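Input: a single structure, listed below in structure tokens.
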Amino acid sequence: MQRNTKLIDVKIDEKGDAEFPVLAEIETEGKRRTVRTKYLVGADGAHSAVRRSMGLKLEGESLDHIWGVVDLVVDTDFPDIRRRCAIHSPAGSVMVIPRERIATGEYLTRLYVQVPGDVNPDSDQQVGDGAKSPATADARARRSKVTEQTIFDNAAAVFKPYYIRPKKDGAVDWWAAYQIGQRVTDNFSVKDSNGVNRVFIAGDGMWNLPHLWR
């Protein structure tokens, strides 16, 4: 995987090379090139370029639950910060995912933080035909207003009586807010003309690029 590489397009091109029929066009730092491979596994999440290129659909619904996610070097007195754990309190929920050591010698931590908001369980779905409920539209509006500080404020409330905060300026590596979705593709593989599965849809990992195998 190359983090600075974007997948542009995928197609099955048996005429060009029957042994390596999967043709992927990728872009790295503005330069495009093509890669041939026997198989390709797309793990590029909700906006999958692999799934789109193969003409596969993503069917399901969106809920009005909003979560924030942040990767950072933390300053905290919480004793289990280097353990995978879930914390539930009246203020909400946080999931803790320990991550790798970085160049400074410090360790990243990923926090998934629930962003409070009114939830109507009877009207919080986006159905497959694209119709949106008022609750879902409201969730999108709330998501657009979530900031880095919003995520930290909610995390701090859940962790009490322990404290948690970025260790210093620049300690935050990445953050985002997202709306919970429950969707699945209509097909997890695409075959070549001989009936051999060549392209596969696997996992979510919205920020991951497809793995090209050769």
Of the residues in region 74-92, how many are over 15 Å from Y163 (Cβ atoms) and either touching a Lys or Arg at 6+ places or on another chain (Cβ under 9 Å) or crowded, with 16+ Cβ neighbours inside 10 Å (or both)? 1
Quick check: anything in region 80-96 closer than 23 Å to H47 by Cβ and either at pLDDT 80 or above or among the small types (G, A, S) (or both)? yes
Residues of region 26-54 being under 22 Å from the mean Cα position of the chain (by Cα), within 24 Å of N187 (Cα to Cα) and outside any loop (DSSP other than H, G, I, E, B), which ones? I26, L40, V41, G42, G45, A46, H47, A49, V50, R51, R52, S53
Just name the residue that is modelled with the lowest pLDDT out of those in region 145-166 that are surrounded by 14 or more Cβ atoms within 10 Å (Cβ to Cβ) and part of a loop (DSSP other than H, G, I, E, B). V146
So how many residues does region 73-111 have that are closer than 19 Å to G170 by Cα, among the β-branched types (V, I, T) and part of a loop (DSSP other than H, G, I, E, B)? 3
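The values are calculated or read from the model by the stated rules, or taken from the named source; none is laboratory data. The shown structure was predicted, so the numbers you read here are calculated from the model rather than taken from an experiment. Every residue, glycine among them, receives a Cβ derived from its backbone with ideal geometry; neighbour counts consider all protein chains shown.
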